[in-house]
Amino acid sequence: MVRDDFRWQTAGGGQPTLFDLPEREIGTGEFRGLEFLHVRAKKIINEIGPKSPVPFRYTINAYRGCSHACLYCFARPTHEYLGLDPASDFDRVIVVKTNAIERLRAELAPSRWRGEHIAMGTNTDPYQRAEGKYRLTRGIVEVLGETRNPFSILTKGTLVLRDLDVLVEAAKRTHVELCFSIGTLDADVWRITEPGTPHPRRRVEAVARLNEAGIPCGVLVAPILPGLSDHTDQLDEVVGACVDAGARSIAPVLLHLRPGVREHYLGWLADARPDLIERHVRLYPKSYAPAEERRRISELVRELVGRHRGRTRLGPGPRLSSRFDPA
Ligand code: SF4
């Protein structure tokens with residue numbers, strides 16, 4: 001249900017207004033269960049503040065909310081900001097910036113823009129279900145290709161393969177990097193923690209298809225969930241499959257739990273795996289697990305990558321830039 005107290009036209013608490021009041025559409029057919037809020041964005045290229053540790057400065061997010069519904073999603077609090085529920089609405093009420101493509105054309109005008117790298121997939125998945133209906137990411141890729149503007153996409157959506165044609169065209173004209181997020185191949189863990197995402201095996205296949213098509217594509221083994229997907233055998237399985245798929249880079253990211261996400265994830269864990277709560281309380285007095293634990297996981301994954309590359313006689317292999325690597 002759309003609530004009356006949205007922070008749309010009238011800014012509350014001194015916060016800036018984001019969008020004009022939305023038009024609402026209920027999903028039907030393959031989009032059943034979703035609700036779309038159509039908005040006209042005032043700006044589509046977002047600039048990240050200089051103090052942020054992330055390895056990119058400009059982002060585009062054509063949607064807010066994400067039907068991939070990952071339990072641990074770091075972006076859930078962005079729904080709260082709109083007066084929506086970060087737990088129940090985030091997965092099914094999707095804000096669609098219907099004018100994203102026209103805004104991008106305007107903002108890329110040479111008099112206003114210097115051609116900096118733009119990252120997508122930083123706050124919502126650009127290839128979630130809504131993209132099958134609105135095709136905004138496809139249009140954005142076309143515009144970035146036409147204007148020779150370098151860009152990267154981080155996704156869990158195999159829908160990206162629909163856009164192979166425009167990605168290949170863009171890659172002929174500018175620097176394009178893709179990255180899949182594949183935290184585990186354990187089907188039980190995947191089903192309960194990322195219920196709206198494509199099966200991780202389909203994602204591995206997509207990594208192979210993209211690299212074969214000449215689009216450099218890496219993998220973030222992310223997030224690695226303590227007690228659920230951090231066993232050496234589980235990591236070995238996912239790393240081995242990604243090496244075989246020709247992933248251009250493989251980097252791990254251990255779960256982080258920022259305020260807002262922490263309550264959601266730990267609330268779920270308390271029901272599903274109460275035996276893991278004590279470990280999480282110990283690991284997460286803050287949003288990030290201790291540096292020592294992150295280092296241990298990074299070293300383990302690095303060793304597994306080396307072992308599998310040795311098995312396939314690939315050698316260390318080429319690397320993407322560090323744009324997707326954890327900061
Ligand atoms: S795919 Fe990414 S943006 Fe979407 S719910 Fe999962 S973590 Fe969040």
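Can you tell me which residue among Leu144, Leu154 is among the aliphatic types (A, V, I, L, M) and part of a strand (DSSP E or B)?
From the options Leu144, Leu154, the qualifying one is Leu154.
Identify all residues within segment 155-183 that are within 16 Å of the ligand (Cβ to nearest atom) and either out of contact with any Asp or Glu (no Cβ under 8 Å at 6 or more places or on another chain) or of a type in the set (D, E, K, R) (or both); write none if there are none.
Scanning segment 155-183 gives Lys156, Val160, Leu178, Cys179, Phe180, Ser181, Ile182.
Would you please list the contacts, defined by Cβ atoms under 8 Å and residues six or more apart or on different chains, that run from a residue in segment 157-183 that is of a type in the set (Ser, Thr, Tyr) to a residue that is part of a helix (DSSP H, G or I) and away from the ligand (no atom under 16 Å from the Cβ)?
Qualifying pairs under 8 Å: Thr158/Glu205; Thr174/Leu144; Thr174/Gly145.
Find all pairs meeting these conditions: Cβ atoms under 6 angstrom apart; at least six residues apart or on different chains; first residue within segment 212-228 and more than 30 Å from Leu269 (Cβ to Cβ); second residue modelled with pLDDT under 95.
Listed by first residue and then by second, the contacts come to Pro216/Leu320.
Determine if segment 183-193 includes at least one residue that is of a type in the set (Val, Ile, Thr) and assigned to a strand (DSSP E or B). Steps first, answer last, please.
Residues of segment 183-193 that are of a type in the set (Val, Ile, Thr), as a first pass: 184, 189, 192-193.
Those left that are additionally assigned to a strand (DSSP E or B): none.
No, every residue in segment 183-193 fails to be of a type in the set (Val, Ile, Thr) and assigned to a strand (DSSP E or B).
Can you work out which of the residues in segment 56-111 that are of a type in the set (S, T, N, Q) and more than 14 Å from the ligand (Cβ to nearest atom) is surrounded by the most Cβ atoms within 10 Å (Cβ to Cβ)? Steps first, answer last, please.
Filtering segment 56-111 down to residues of a type in the set (S, T, N, Q) leaves 59, 61, 67, 78, 88, 98-99, 111.
So of that shortlist, the ones also more than 14 Å from the ligand (Cβ to nearest atom) come out as 98-99, 111.
On the way: Thr98: 19, Asn99: 17, Ser111: 4.
For segment 56-111, the residue satisfying everything is Thr98.
In segment 287-327, how many are surrounded by 14 or more Cβ atoms within 10 Å (Cβ to Cβ), at pLDDT below 90 and part of a helix (DSSP H, G or I)?
Residues meeting the conditions: 2.
Quick one: in segment 112-135, of everything that is closer than 23 Å to Glu47 by Cβ, more than 15 Å from the ligand (Cβ to nearest atom) and outside any strand (DSSP E or B), which residue is modelled with the lowest pLDDT?
Result: Arg112.
Under the condition of being in contact with a strand residue (DSSP E or B) (Cβ under 9 Å, 6 or more places away or on another chain) and either loosely packed, with under 14 Cβ neighbours inside 10 Å or of a type in the set (A, V, I, L, M, F, W, C) (or both), which residue from segment 112-122 is nearest to Val160 (Cα to Cα)?
Taking the candidates together, the pick is Met120.
Go through segment 59-77 and give me each residue that's over 24 Å from Ala270 (Cα atoms) and of a type in the set (S, T, N, Q).
Thr59, Asn61, listed by residue number.
The values are calculated or read from the model by the stated rules, or taken from the named source; none is laboratory data. No experiment lies behind these values; they were computed from the predicted model shown. Counting neighbours? That spans all protein chains shown, and the Cβs are built from the backbone with ideal geometry, glycine included.
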